[in-house]
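Working notes, beginning with the structure itself.
The values are calculated or read from the model by the stated rules, or taken from the named source; none is laboratory data. Please read these numbers as outputs of a predicted model, since none were measured by experiment. Don't worry about glycine lacking a Cβ; one is built from the backbone with ideal geometry, like all the others, and counts go over all protein chains shown.
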């Protein structure tokens, strides 16, 4: 059930990001000078949502999340000297 929620949520994220950036819809053009602030709020909202999903996953699959987080940090340490 959680996997379906994750796939649907991140699919919705990329569909909304595509809709915001698509020049044919003109959403960012309509915002003109506030487009950077609008994208910032959009990314902030999805960051908070992703953090809440992470907390939900930690309750159910803590070991898996710990392993993925540690591998992510190790990858960052090895990539950037």
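Residues in region 1-43 that are surrounded by 11 or more Cβ atoms within 10 Å (Cβ to Cβ) and not in a helix (DSSP H, G or I) were compared, and the one that is nearest to the chain's Cα centre (by Cα) is 22. For residue 61, the conditions (1) surrounded by 12 or more Cβ atoms within 10 Å (Cβ to Cβ); (2) modelled with pLDDT of 75 or more all hold with the exception of (2).
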